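Everything on this sheet refers to the single structure shown next.
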Amino acid sequence: MSNKVTDLWKAVLGQLELSMSGAIFNTWVKTLELESIDLSVATISTPNFMSKSYVEEKLSDVILAALSSSDPSITSIKYEVKKSSKKDRALEEFFETKAQDNEKEKSTPAVSQKPVSTPDKVNNSTVQTSLQASYTFDNFIAGSSNMLALSAAKRVAEKPGMAYNPLFLHGPAGVGKTHLMWAIRNKIASENPESTCIYITSEEFINEYVNAVRKGNSFTNKYREADVLFVDDTQFMAGKERTQEEFFHTFNALHQNAKQIVLCSDRPPKEIPTLEERLRSRFEWGMVADIAPPDIETRIAILLNKAASQDVILDQETAEYIASSVENNIRELEGALTKVIGYSLAHESDIDINIAQAVLGGTITKKPTLNARGILEKTAQYYEISLADMIGVKRDKEIVLPRQIAMYIMRMDLSLSYPKIASNLGGKDHTTIMHGVKKIEKLYKADSDFANEVNQLVNFIKA
C-alpha cells in the first residue's frame with residue numbers, strides 16, 4: 001500500500017469513527033483495509049465473507065461518501081476478501097445462498113455506485129437501494145417505545161399532506177427512524193406511483209446549497225416541486241444560517257401547497273442548538289413523535305422476526321440472551337444476530353445459547369442488574385438532589401416530581417408491588433405510591449416532552 005493510499009485511509013477511518021457508533025466502527029470498519037485506487041474505483045479488503053456481506057449491505061454508502069470527500073475522483077468501491085479459510089468459505093456459501101433466495105430484492109452489484117440525491121418518481125427511484133426497498137410497515141416491529149411514531153407514520157403514508165404535516169421523528173441512532181421514513185415512502189410508491197418524492201440528508205442539502213451559491217446556480221425550485229420531502233439528520237442544520245434561510249422558504253412553499261414533509265433527527269426540535277426559532281416552531285406544527293430504545297420484549301420480537309426471515313431457527317432462550325446483550329441500538333442487535341448465525345454455520349452447529357455466549361460474551365459486557373436502590377440513587381443524581389430527600393418526607397416540587405418518577409420506573413421496569421416500592425421509599429403509604437405512579441403514567445402518555453425526559457432518565461439509570 002502506497003503512502004498516499006495509507007494516509008487517505010487513515011483520514012477516512014477518522015471520519016467514519018466520528019460518524020457512527022463505537023460498536024459498529026470497531027466490529028465492522030476498523031478491520032477494513034484500503035488496498036488500492038484504480039482510476040475512480042477504490043478496492044477495500046475485508047477479513048472474511050461475513051464482514052464483506054455486512055459492509056456492502058449496510059455501510060457501503062457512508063464509506064463511499066467518506067472516501068469521496070477526501071478524494072473526489074473516487075466514485076465506486078470494490079470489496080474483496082483478503083483471506084479465505086474453511087470458515088470463510090462456509091460463510092461465503094451462506095451469504096451466496098441468502099442472496100439467491102432474495103434475488104429479486106437484492107441485486108446490488110459488487111461495485112457500489114456513488115449515490116445520487118436528485119428528485120425522482122417513487123416507482124422509478126435513482127436513489128432507493130434494495131435495503132431501503134425492504135423497509136415496510138409490515139416488517140417494522142411495534143412496541144411501547146415506538147407506537148406513537150408508527151401510528152403517525154401510517155397516517156402520513158395514507159394521507160400525505162393532510163394528516164400530520166410535518167411529521168418530525170426523533171430518537172437516538174438505530175431505533176428505527178429511517179425504517180419508518182422509508183416505509184412511508186414505499187407505501188406512497190405502491191398507492192400513488194406518480195407522486196414525486198425526494199429523500200435527502202440535511203448534510204446533502206447543505207452541500208448542494210453551498211455549491212449552488214458558489215457556482216451562481218439557481219437552487220430555489222429544486223426541492224419545492226416535491227409531493228413529499230424527506231429530510232434525514234435535521235439536527236445538522238444547526239448553526240447554518242443561510243441554509244436555514246433557504247430551508248425555511250422551501251418548507252413554507254411545500255406546506256402552503258399541502259405537500260408532505262417528513263423530518264428525522266436525533267433530538268426534538270426544542271433541543272437542537274442554534275436552530276432558528278421560526279424553523280423550530282414550524283417543525284412543531286404537525287406531529288413530533290419520539291422513538292425510544294426498544295424494550296426487552298420488542299428486541300426479542302425483532303430478533304425472532306429477523307431470524308424467521310432468514311429461515312433460521314432461534315429459540316426463546318437464545319433470543320433473550322442476545323436481546324439482553326444489546327440494549328439500545330437495533331442495527332447493533334441485528335449485527336449481533338448476524339454474527340451468531342455466521343458462527344453457527346461456520347462450525348456446522350445449531351444456534352443455541354452456548355453459541356451466542358461464545359460469539360458475544362467476549363465483546364459485550366452486560367450491564368449490572370437494575371434494582372430499586374440503584375433507581376433511587378441515579379434519579380437523585382440526575383435531578384441533583386440528595387438521596388435523603390428522595391426517600392424523606394419533604395414535599396417541595398423539585399423533590400416530589402423526581403420521587404414520583406422513581407416510583408413509576410420501579411413499577412414499570414422492576415414490576416414491584418406498591419407496598420414494595422413504599423418500603424424502598426422509607427415506608428410511605430402504598431396509596432401514596434399508587435397516586436404518584438398514576439400521575440406520572442398520565443403525564444407520560446399526554447406530554448411527549450415529559451416522556452422524552454423520563455426516557456432519558458431511564459437511559460441514564462441503565463448506563
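In the stretch 256-294, what residues are polar (S, T, N, Q) and in contact with a strand residue (DSSP E or B) (Cβ under 6 Å, 6 or more places away or on another chain)?
Gln260, Ser265
Quick one: count up the residues across the stretch 136-162 that are in a loop (DSSP other than H, G, I, E, B) and either open to solvent by 50 Å² or more (accessible area, probe 1.4 Å) or among the aliphatic types (A, V, I, L, M) (or both).
The number of residues fulfilling the criteria is 7.
Please indicate, with yes or no, whether at least one residue in the stretch 392-402 is modelled with pLDDT under 90, touching a helix residue (DSSP H, G or I) at 6+ places or on another chain (Cβ under 9 Å) and either hydrophobic (A, V, I, L, M, F, W, C) or open to solvent by less than 60 Å² (accessible area, probe 1.4 Å) (or both).
Yes, some residue in the stretch 392-402 is modelled with pLDDT under 90, touching a helix residue (DSSP H, G or I) at 6+ places or on another chain (Cβ under 9 Å) and either hydrophobic (A, V, I, L, M, F, W, C) or open to solvent by less than 60 Å² (accessible area, probe 1.4 Å) (or both).
Considering only the stretch 311-348, state which residues are open to solvent by less than 40 Å² (accessible area, probe 1.4 Å) and farther than 21 Å from Asn459 by Cβ.
If the condition is that a residue be open to solvent by less than 40 Å² (accessible area, probe 1.4 Å) and farther than 21 Å from Asn459 by Cβ, then Val312, Leu314, Thr318, Ala319, Tyr321, Leu337, Thr338, Val340, Ile341, Gly342, Ser344, Ala346 are the ones that fit.
What number of residues in the stretch 201-224 are open to solvent by 60 Å² or more (accessible area, probe 1.4 Å) and in contact (Cβ under 8 Å) with a residue 40 or more places away in the chain?
Total meeting the criteria: 1.
Being under 25 Å from Leu180 (Cα atoms) and open to solvent by 20 Å² or more (accessible area, probe 1.4 Å), is that true of even one residue in the stretch 262-269?
Yes: the stretch 262-269 contains one or more residues that are under 25 Å from Leu180 (Cα atoms) and open to solvent by 20 Å² or more (accessible area, probe 1.4 Å).
With respect to Ala422, determine if the residue is farther than 30 Å from Lys58 by Cα and either open to solvent by less than 70 Å² (accessible area, probe 1.4 Å) or modelled with pLDDT under 85 (or both).
yes
Give just the number: which of (1) buried (at least 17 other Cβ atoms within 10 Å of the Cβ); (2) touching a helix residue (DSSP H, G or I) at 6+ places or on another chain (Cβ under 6 Å) does Asp227 not satisfy?
(2)
It is to be established whether one or more residues within the stretch 435-443 are at pLDDT below 90, assigned to a loop (DSSP other than H, G, I, E, B) and either open to solvent by less than 40 Å² (accessible area, probe 1.4 Å) or within 30 Å of Asn146 (Cβ to Cβ) (or both).
The answer is no; no qualifying residue exists.
Pairs only if they're at least six apart or on different chains, beta carbon under 8 angstrom, first in the stretch 233-246 and farther than 8 Å from Leu275 by Cα, second part of a helix (DSSP H, G or I) and open to solvent by 50 Å² or more (accessible area, probe 1.4 Å); list them, first residue then second.
That search, which allows pairs on different chains as well, returns Asp233/Glu203; Phe236/Glu203; Arg242/Val213; Thr243/Val210.
Quick one: Ala238 ticks every box in (1) modelled with pLDDT under 90; (2) open to solvent by 50 Å² or more (accessible area, probe 1.4 Å); (3) of a type in the set (A, V, I, L, M, F, W, C) bar one, so which box is it?
Looking at each condition in turn, Ala238 falls short on (2).
Out of the stretch 246-258, which residues are touching a Gly at 6+ places or on another chain (Cβ under 9 Å) and buried (at least 20 other Cβ atoms within 10 Å of the Cβ)?
Leu254
For Ser117, indicate whether it is assigned to a loop (DSSP other than H, G, I, E, B), at pLDDT 50 or above and more than 29 Å from Ser344 (Cα to Cα).
no
Pairs only if they're at least six apart or on different chains, beta carbon under 6 angstrom, first in the stretch 358-383 and over 15 Å from Ile405 (Cβ atoms) and part of a helix (DSSP H, G or I), second at pLDDT 60 or above and not small (Gly, Ala, Ser); list them, first residue then second.
That search, which allows pairs on different chains as well, returns Val359/Lys339; Val359/Val340; Val359/Tyr343.
The values are calculated or read from the model by the stated rules, or taken from the named source; none is laboratory data. Small disclaimer: the values here were computed from a predicted structure and weren't measured. FYI the Cβ positions are ideal-geometry reconstructions off the backbone, even for glycines, and counts take in every protein chain you see. What goes into the accessible areas is simple: the full protein's heavy atoms, side chains included, and nothing from ligands, DNA or RNA. Shrake-Rupley method; radii C 1.70, N 1.55, O 1.52, S 1.80 Å.
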